[in-house]
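The values are calculated or read from the model by the stated rules, or taken from the named source; none is laboratory data. As the structure is a prediction and not an experimental result, all values here were calculated from the model. When we count neighbours, we look across all protein chains shown, and the Cβ atoms used for this are built from the backbone with ideal geometry, even at glycine. Just so you know, the surface numbers come from the protein's heavy atoms only, side chains and all, with ligands and any DNA or RNA stripped out. Shrake-Rupley method; radii C 1.70, N 1.55, O 1.52, S 1.80 Å.
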Amino acid sequence: MNYLRSVRVAHPGTSSQHITELGWSTTTTGQLSRATRDQVHAWITSGHAFRSLSPQGTQADVVARTSPSGTRYVATVADGRETNNLLNLPRF
């Protein structure tokens, strides 16, 4: 499993589409690597599973999405709807 544990966002930083880069690891406590939003989107669409992981241990499934204007982004899903868990992760 891959875990998204931190994010970098562009101004204003109010939606998942503003995430530009993500910190991720293959374990819950491993060293973080960085990837762009487009890289993570491509990995998910090619079949790699990701979960968000907050410092408090909260996890959520991460999915690849495309906005109506064509922007590719990643978001968490809870109870069948998109949530903003990624924006609650630590920033770098």
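Within the group Arg72, Arg81, Arg51, which residue is open to solvent by 80 Å² or more (accessible area, probe 1.4 Å), basic (Lys, Arg) and modelled with pLDDT of 95 or more?
Sole residue among the options that is open to solvent by 80 Å² or more (accessible area, probe 1.4 Å), basic (Lys, Arg) and modelled with pLDDT of 95 or more: Arg72.
Within the range 50-92, considering only strands (runs of 3 or more DSSP E) that don't extend past its boundaries, which have at least 2 residues that are free of Cβ contacts under 8 Å to residues at least 60 places away in the same chain and charged (D, E, K, R)? So that I can check it myself, show each step before the final result.
Values: elements: 50-53, 59-66, 72-78, 81-83.
Here the list reads 59-66.
Starting from residues that are assigned to a loop (DSSP other than H, G, I, E, B) and touching a Leu at 6+ places or on another chain (Cβ under 8 Å), keep the ones in the range 15-48 and report whichever is most open to solvent (accessible area, probe 1.4 Å).
Let us first name the residues in the range 15-48 that are assigned to a loop (DSSP other than H, G, I, E, B), namely 15, 26-32, 46-48.
Cutting the leftovers down to touching a Leu at 6+ places or on another chain (Cβ under 8 Å) gives us 15, 28.
Working: Ser15: 39, Thr28: 65 Å².
Selected residue: Thr28.
Any idea which of Glu21, Glu82 is in contact with a Phe, Trp or Tyr (Cβ under 9 Å, 6 or more places away or on another chain) and of a type in the set (Asp, Glu)? Step through it out loud before you land on a result.
On the way: Glu82 fails: in contact with a Phe, Trp or Tyr (Cβ under 9 Å, 6 or more places away or on another chain).
Criteria check complete, one pass: Glu21.
Would you pick out the residues in the range 54-69 that are open to solvent by less than 60 Å² (accessible area, probe 1.4 Å) and hydroxyl-bearing (Ser, Thr, Tyr)? Even if it seems obvious, please write down each step before you answer.
Narrowing the range 54-69 to residues open to solvent by less than 60 Å² (accessible area, probe 1.4 Å): 54, 57, 60, 62-64, 67.
Hits for the range 54-69 are Ser54, Ser67.
So that you can scan it fast, the table gives a plain yes or no per residue for (1) on the phi > 0 side of the Ramachandran plot; (2) of a type in the set (Gly, Ala, Ser); (3) under 10 Å from the mean Cα position of the chain (by Cα):
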residue: Ala49; (1), (2), (3): no, yes, no
residue: Gln56; (1), (2), (3): no, no, no
residue: Gln59; (1), (2), (3): no, no, no
residue: Val63; (1), (2), (3): no, no, yes
residue: Ala78; (1), (2), (3): no, yes, no
residue: Glu82; (1), (2), (3): no, no, no
